[in-house]
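What follows is a short report on a single structure.
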Amino acid sequence: MEQQAKTSFGLYELIRILVPGFYIAGMLIAFLNVFFPQMADWANSIAGPMMFMLLATLVAGVSVYARETPKRRRAFLENQPSTYLLNRSRTATGAQPLNDTDAQRLYFYILNNHIPSTFHEKIFFFGTVYAVMINIRRTSFWLGLACLLGLGMIVAQGDSLLEYPEALLLTLVIWGVYVVNVRYNKADRKMQENYQDQIFWLQMHDALVCELLTRRAVDEKG
């Protein structure tokens, strides 16, 4: 079970890198081909289309993964299970109040040692969906702005936008992805539901939570 959880965790983390990376790379290559074809030809001539796509996917995926911008959103920061543990430590008999760092450590200890592995799958899955959707949303927004600037450059040159259907189509597609992602915002909602499920599990196992909080207080005194 433990090995399966580790394997699933690695798979979900890989998805967090490759899916946003592939989307960013694909849209970036399309953007270059439409608005800067000479630059796209130069990039393809150096590494080849497939190799350039692979490198762009890995670089973009690792870059957004390292930045962890989805973790700065309110939907991620609010109502975390560690916050429940922090508040519970202030009311549990014989426990000492936790700070944010200790509450997070206790949460991960409970997650790794007490919460069933089947529950892990759900946590990993919705966490991955949240990260992927937020990264795609942010990427679509900035690429959409870049496309609008590109269309502005075309107009500034005195050309008609109707002469550039690929540019118009790409702009509509990218903004369409962004609008759909925002309009049907399942990422934030599912993340909060994920948290609520974990908090409910902690509430159902309150004796375990209190035991761990009390044991920690005893260890600190000793």
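Quick look at the values:
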{"item": "Failed item, numbered, when residue 187 is tested on (1) closer than 21 Å to residue 8 by Cα; (2) modelled with pLDDT of 85 or more; (3) buried (at least 16 other Cβ atoms within 10 Å of the Cβ)", "result": "(2)"}
{"item": "Failed criterion for residue 219 (all others in (1) farther than 27 Å from residue 142 by Cβ; (2) within 24 Å of the chain's Cα centre (by Cα); (3) at pLDDT below 90 hold)", "result": "(2)"}
{"item": "Scope the range 159-182; condition of a type in the set (Val, Ile, Thr) and modelled with pLDDT of 90 or more; matching residues", "result": "171, 173, 174, 177, 179, 180"}
{"item": "Of all residues in the range 40-78 being among the acidic types (Asp, Glu) and assigned to a loop (DSSP other than H, G, I, E, B), the one that is nearest to residue 24 (Cα to Cα)", "result": "68"}
{"item": "Output for the range 166-189, where each listed residue is aliphatic (A, V, I, L, M) and in contact (Cβ under 8 Å) with a residue 40 or more places away in the chain", "result": "167, 170, 174, 177, 182, 187"}
{"item": "Segments classed as helices (runs of 4 or more DSSP H), wholly inside the range 79-165, with at least 1 members that are in contact (Cβ under 8 Å) with a residue 24 or more places away in the chain, buried (at least 17 other Cβ atoms within 10 Å of the Cβ) and among the basic types (Lys, Arg)", "result": "81-89, 117-156"}
{"item": "Matching option when the condition is within 21 Å of residue 133 (Cα to Cα) and among the acidic types (Asp, Glu), among 206, 188", "result": "188"}
{"item": "Condition check for residue 194: surrounded by 17 or more Cβ atoms within 10 Å (Cβ to Cβ), within 27 Å of the chain's Cα centre (by Cα), assigned to a helix (DSSP H, G or I) and without any contact (Cβ under 8 Å) to a residue 60 or more places away in the chain", "result": "no"}
{"item": "Residue in the range 62-78 that is within 26 Å of residue 214 (Cα to Cα), crowded, with 16+ Cβ neighbours inside 10 Å and under 21 Å from the mean Cα position of the chain (by Cα) present", "result": "no"}
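The values are calculated or read from the model by the stated rules, or taken from the named source; none is laboratory data. Since the model is a prediction, treat every value here as computed from it, not as a measurement. All Cβ positions, even for glycine, are placed from backbone atoms using ideal geometry, and neighbour counts span all protein chains on display.
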